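The values are calculated or read from the model by the stated rules, or taken from the named source; none is laboratory data. These numbers come from a predicted model, not from an experiment. Every residue, glycine as well, gets a Cβ built from its backbone with ideal geometry; the counts of neighbours run over all protein chains shown.
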Amino acid sequence: MAEAAIELIGINKSFGAVRANRDINLEITRGTIHGIVGENGAGKSTLMSILYGFYQADSGEIRVNGKPATIRTSNDAIATGIGMVHQHFMLVDNFTVLENIILGAESDALLKSSIAKARSELERLEREYGLEVDPDAIIEELPVGLQQRVEILKALYRGAEILILDEPTGVLTPAEADHLFRILKQLKDQGKTIVLITHKLREIMAITDSVSVMRQGTMVATRETKKTTVEELAELMVGRRVLLRVEKGEAKAGEVKLSVKNLVVKDQRGVTMVDDVSFDVRAGEIVGIAGVAGNGQSELLEAISGIRKAVSGSVTLDGKPIDLTGAADPGELRQRGLAHVPEDRHHVGLVLAFEENENSILGYHNDKRYLKGPLLDVDAIMADAKDKIAKYDIRPANPRLKTANFSGGNQQKIVLAREIEQDPGVLIVGQPTRGVDVGAIEFIHKRLIAMRDQGKAVLLVSVELDEIRSLSDRILVMFAGRVVGERGPEASEGELGLLMAGVEQKEAAE
Amino acid sequence: MSTPYAKLPAWADYGLIPLINLAVAFIVAGLVVLLVGENPFRAAVILVEGAFGRGQGIAYTLFYATNFIFTGLAVAVAMHAGLFNIGGEGQAYVAGLGVGLVCLALDRIVPWYVTFPFAIAGAALFGAAWAFIPAYLQARRGSHIVITTIMFNMIAASLMIYVLRDILKPEAMQEVKTRMLEAGAQLPRLNWIIELFGTAKIRSAPFNVSFLLALVMAYLVWLLIWRTKLGYEIRTFGFSQKAARYAGISEVRVTIIAMLISGALAGMMSINAIMGDQHSVYVDLAGGAGFIGIAVALMGRAHPVGIILASILFGVLYQGGAELSFEMPAISRDMIVIIQGLVILFAGALEHMFRPYIQTLFASISPKSVGMAAVKGEGA
């Protein structure tokens, strides 16, 4: 029986009145890959932050390699051999790989000797684990997958025997993710212990040896991966049975509702983010736009919804043009039947400091239904909010509660309820289930399908390829600002993955 | 992990925390008094008695509070739009010119109640106009409003001295100010209201009708911010500019309108000074009220009720402080400013210092009161 690399015994942690972790017991066997799954807010990140010294547990014990460990800072964690690869990389963009590796671990007052020492050590690590990166490359010039590799090297350079990875595949293409998994397996073979935090059950099944499930701050189960199923894990995460596949019938596409032609959009720095994009969305269909985050999808949505100016091109809604040059007024577009569920509900789609009822009219506050002369019709707004809360099962069912106090899934329902209940002809949706619990995902997907079946045109942007594939009737793939391919929903993940990675050019040349 | 801190019940949020902050401010102020060799308890008694002990003191306290309500409301309206209007001082000062011109034109012809509405309009117009330029520069050019409003305070001060000395001052007058305004521009005193409660006859305190105007404005500001479409847009913009753009709210329009309203409110402070007290337009008539308004708005959480209460508190510090420096020679006027500064520090700048402790306390006493029920019921 292999011994435990990490033992957590009776860990408790509260933030104010919220108990983020309660009585957590966990044992991670040395030399294995151990997955931790759970919905957003289940306490995974808190637990790992305790292990890595960002937070102190209120009570409980941590043992590393059988010995009790006191981890007060990340330096303590590193000293005990724990390394962490964060979801958002902690790299200095304009430093080289080598400079980033030694950052905080310089051995002398002068850099020169540190760098020389680091270079030979880095080369050894790269050889040993097959993690090739040019030590002199500037971070910002490296693709995301390589940046992540630098993060892993950073941890190994500091002597990590136990590696924690927090949602490592969120920013990767499927091919990059596969490569990462190969690296992780190799690390395991070399005797490292790996803790993988994710909400993607498929990854858990593919790579881990054992998996622990967290729900509402408690550890509900630990399973050997071989002996469990995706369905069982999903049920453990949510606490009830979940429908993972979206049931939908054939699309009955009608007339063109939204038409985008040769659209070009630049970002604040003047970099072209959307490059000559054209497509149509017809009534009664869902068009999905797949792509790795940062390939122009966000800017595309913003331009169509009137938040961002376009440089050139045209967009028509029900055959009539939308003014793109002066940034079309989003209020006017709403009146013309274009509703928008933005990617970033925290800063764009909602005002978190508002009461729920106030957010239920955001963007529609000029509507006569909500006004009595210059005054807001508080009774009408409240009745309307209660109505939506009931229809969308928003919890807690309190329209006076501050929006920040709702969970991610319920916040997203507030936005969806507001946009869908206006009965728009066209709905554009960005990342509808990002940071949303599994139970709410099911609900949101059903709603979007229902919109389609009512004959609405739905444009869906998501970085979750599974979501795109299960909802869309047609799939467009964006890479580097261009639409590099269109596929049907039956397209394989591998095929889409290649397009997302920009490998389409060769194929087109054939 | 989205909400690391639970929320407190409203009474603790709006009542308990400000009281604790205030208590700490007074304890530290007491230490300062002790340091200069005076008895802090006696000082506290003198301060409170000076402010509330006699009818005269109450009248002065409310007279000062009137100024602070106007400027506090002004800062609050801008704050709701996410704008930090430091220019209340200059806006009030320049508005004094608007009030002065109306009064100089009308005071010999019509009674005060005819002059009054015109004076309000004059104050609002000139105050708003002085706020317009920084607002325009912020909305269209991105010049930071904190910087521009500070500079406009300086410009206002120089401009007013020029106007008063070179244009409005009568030849024969020694002091730099306009001629004395006559009955048609003198607001009736409200001291009789205080006398109704049985205090002795109040002889000279300038507590006047503009206090009522301030209360009306407080109500209107509440109505504007929480019950109108414009207020909804202002608050949306103030909390999140991205959400405002998403909702089709014009950044330029909200910035300019919020600042115009803010300037108009600050401007009305000058009515109290000119028509209620000095009966002339004089140098430095805003007297720092524009800056106190910032503290008042912070302490009153940008809510009109909070602002009225905070204004009265600062009225107490002004009036009681004057008595204190008179009674205790060791405590100079500057010491009073230190005490006011401590109140601003603890109630304004450090207002969240004790919050985590109080939240933990509440959570341990009664989890339900801090919204644990809400957190538990979140599973969708």
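Checking the conditions here, which among B:Y64, B:Y136 is of a type in the set (F, W, Y), in contact with a Ser or Thr (Cβ under 9 Å, 6 or more places away or on another chain) and either surrounded by fewer than 16 Cβ atoms within 10 Å (Cβ to Cβ) or farther than 29 Å from B:W192 by Cβ (or both)? Answer to the check: B:Y136. Consider the range A:451-474 and keep the residues that are of a type in the set (D, E, K, R) and more than 21 Å from A:A283 (Cβ to Cβ). The one that is surrounded by the fewest Cβ atoms within 10 Å (Cβ to Cβ) is A:D466. For the range B:167-207, name all the residues that are within 13 Å of B:Y282 (Cα to Cα) and acidic (D, E). Within the range B:167-207, just B:E175 meets the criteria. Examine the range A:291-298 for a residue that is under 27 Å from the mean Cα position of the chain (by Cα), closer than 22 Å to A:R434 by Cα and within 14 Å of chain B (Cβ to nearest Cβ), and state whether such a residue exists. So far as the range A:291-298 goes, yes, one or more of its residues are under 27 Å from the mean Cα position of the chain (by Cα), closer than 22 Å to A:R434 by Cα and within 14 Å of chain B (Cβ to nearest Cβ). Just one of the listed residues (A:G306, A:G291, A:G217, A:G284) is in contact (Cβ under 8 Å) with a residue 12 or more places away in the chain, outside the structural domain of A:M500 (by TED's automatic domain parsing) and on the phi > 0 side of the Ramachandran plot, namely A:G217.
Regarding the range A:412-424, can at least one residue be identified that is buried (at least 20 other Cβ atoms within 10 Å of the Cβ), more than 19 Å from the chain's Cα centre (by Cα) and assigned to a loop (DSSP other than H, G, I, E, B)? Yes: one or more hits.
Taken together, the criteria exclude A:R182 from residues that are part of a strand (DSSP E or B) and either surrounded by fewer than 21 Cβ atoms within 10 Å (Cβ to Cβ) or modelled with pLDDT of 90 or more (or both).
On the stretch given as the range B:231-257, residues that are of a type in the set (A, V, I, L, M, F, W, C), closer than 16 Å to A:Y364 by Cα and either more than 7 Å from chain A (Cβ to nearest Cβ) or touching a Gly at 6+ places or on another chain (Cβ under 6 Å) (or both) total 5. Within the range B:187-225, the only residue that satisfies the criterion of being touching a Ser or Thr at 6+ places or on another chain (Cβ under 9 Å) and assigned to a strand (DSSP E or B) is B:N208. Would you say B:D284 is in a helix (DSSP H, G or I) and either buried (at least 23 other Cβ atoms within 10 Å of the Cβ) or charged (D, E, K, R) (or both)? No; evaluated as a whole, the condition is false for this residue.
When A:H347, A:H340 are checked against the criterion of being surrounded by 17 or more Cβ atoms within 10 Å (Cβ to Cβ) and either within 28 Å of B:L230 (Cβ to Cβ) or at pLDDT below 95 (or both), a single residue qualifies: A:H340. Inspection of the range B:104-122 finds no residue satisfying the criterion of being charged (D, E, K, R), farther than 26 Å from B:I344 by Cα, at pLDDT below 95 and in a helix (DSSP H, G or I).
Looking only at residues in the range B:212-238 that are surrounded by fewer than 20 Cβ atoms within 10 Å (Cβ to Cβ) and over 22 Å from A:G373 (Cα atoms), which one is farthest from the chain's Cα centre (by Cα)? Once the filter is applied, the top-ranked residue is B:L212.
Scanning the range A:391-429 for residues that are of a type in the set (G, A, S) and without any contact (Cβ under 8 Å) to a residue 24 or more places away in the chain yields a single hit, A:A397. Screening B:F326 against (1) buried (at least 21 other Cβ atoms within 10 Å of the Cβ); (2) farther than 19 Å from B:I27 by Cβ; (3) aromatic (F, W, Y) leaves a single unmet condition, (1).
If you go through the range A:336-377 and keep only what is in contact with a strand residue (DSSP E or B) (Cβ under 6 Å, 6 or more places away or on another chain) and within 7 Å of another protein chain (Cβ to nearest Cβ), you end up with A:P342, A:P374, A:L375.
Scan the range A:20-35 for residues that are within 14 Å of chain B (Cβ to nearest Cβ) and crowded, with 22+ Cβ neighbours inside 10 Å and the total you get is 2. The single residue among B:F132, B:F70, B:F84 that is in the same structural domain as B:R235 (by TED's automatic domain parsing), within 30 Å of A:F354 (Cβ to Cβ) and not in a helix (DSSP H, G or I) turns out to be B:F84. I need every pair where a residue in the range B:214-227 that is within 12 Å of another protein chain (Cβ to nearest Cβ) has its Cβ under 9 Å from the Cβ of a residue that is among the aromatic types (F, W, Y) and in a helix (DSSP H, G or I), sequence separation at least 6 or different chains. From the range B:214-227, the pairs are B:I225/B:Y232; B:W226/B:Y232. Note on the range B:229-259: residues that are part of a loop (DSSP other than H, G, I, E, B) and of a type outside the set (S, T, N, Q) total 3. None of A:R22, A:R30 is under 15 Å from A:I162 (Cα atoms) and outside the structural domain of A:V436 (by TED's automatic domain parsing) except A:R30. Can you find a residue in the range A:96-104 that is in contact (Cβ under 8 Å) with a residue 40 or more places away in the chain, within 29 Å of A:H179 (Cβ to Cβ), hydroxyl-bearing (S, T, Y) and within 14 Å of another protein chain (Cβ to nearest Cβ)? No - not one qualifying residue is present in the range A:96-104. In this structure, does A:R369 turn out to be more than 23 Å from A:G430 (Cα to Cα), out of contact with any Pro (no Cβ under 6 Å at 6 or more places or on another chain) and touching a residue at least 12 places away in the same chain (Cβ under 8 Å)? Yes. The residues on offer are B:G55, B:G50, B:G30, B:G37, and the sole one that is farther than 20 Å from B:S325 by Cβ and either touching a Cys at 6+ places or on another chain (Cβ under 6 Å) or more than 14 Å from every other protein chain (Cβ to nearest Cβ) (or both) is B:G55.
Within the range B:230-252, the set of residues being among the basic types (K, R) and at pLDDT 95 or above comprises B:R235 only.
Within the range A:392-407, the residues that satisfy the criterion of being surrounded by 22 or more Cβ atoms within 10 Å (Cβ to Cβ) and facing chain B (nearest Cβ under 9 Å) are A:I394, A:F406, A:S407.
Taking the criterion of being under 18 Å from A:A253 (Cα atoms), assigned by TED's automatic domain parsing to the domain that holds A:V274, over 22 Å from the mean Cα position of the chain (by Cα) and not in a helix (DSSP H, G or I), would at least one residue in the range A:433-451 satisfy it? No, that holds for no residue.
Taken over the range A:243-265, the criterion of being crowded, with 18+ Cβ neighbours inside 10 Å, charged (D, E, K, R) and farther than 30 Å from A:T229 by Cα is satisfied by A:K257 alone.
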